[in-house]
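A short write-up of the structure that comes next.
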Amino acid sequence: MRKHLLVLLLLLVPTTVYGQFQVDIDRWLMQDAAHNLTSDAGVLFIGSSSIRRWQQLAHDFPEYDIIQRGFGGSQFSDVNRYLNDIVLPYDPRAIVIFEGTNDIASGKSADTV
């Protein structure tokens, strides 16, 4: 019985980890569609919780149209995974990325990041 439970847990972990940000991604896509957010949208900030928790981001850069795409716990591989969904469609004038701290915390080397 324990072996079956362990196998089941091991099968569920990759699915959970891979899709852990999908709720955020889907919410942004629905919001963007509702607000008719299209290309040439200004400056896009993407990264981990430092971007997500930056509550005054648009206020700090009032001269720009800001798109805030921070998802806590993300790594560079997550940004790459969702690039086509939440970055490239907006054709931003600039992209600001804050990533790497979670990669390093998970044991990846700076060269890998």
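The values are calculated or read from the model by the stated rules, or taken from the named source; none is laboratory data. None of these values were measured; they are calculated from a predicted model. Cβ atoms come from the backbone with ideal geometry, glycine included; neighbour counts cover every protein chain shown.
Residue under question is V87, and the condition is that it be in contact (Cβ under 8 Å) with a residue 40 or more places away in the chain, closer than 19 Å to V23 by Cα and within 10 Å of the chain's Cα centre (by Cα); does it hold? Steps first, answer last, please.
Numbers: in contact (Cβ under 8 Å) with a residue 40 or more places away in the chain: yes; closer than 19 Å to V23 by Cα: yes; within 10 Å of the chain's Cα centre (by Cα): yes.
So V87 passes the test.
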Quick test of your reading of the structure: L83 fulfils all but one of (1) in contact with a Ser or Thr (Cβ under 8 Å, 6 or more places away or on another chain); (2) surrounded by fewer than 14 Cβ atoms within 10 Å (Cβ to Cβ). Name the failing condition by number. (1)
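Would you call D78 touching a Ser or Thr at 6+ places or on another chain (Cβ under 9 Å) and at pLDDT below 90?
Working: touching a Ser or Thr at 6+ places or on another chain (Cβ under 9 Å): yes; at pLDDT below 90: no.
For D78, the condition - touching a Ser or Thr at 6+ places or on another chain (Cβ under 9 Å) and at pLDDT below 90 - is not met.
Look at G42 and say whether it is modelled with pLDDT under 90, under 30 Å from T112 (Cβ atoms) and not hydroxyl-bearing (S, T, Y).
Numbers: modelled with pLDDT under 90: yes; under 30 Å from T112 (Cβ atoms): no; not hydroxyl-bearing (S, T, Y): yes.
In short, no.
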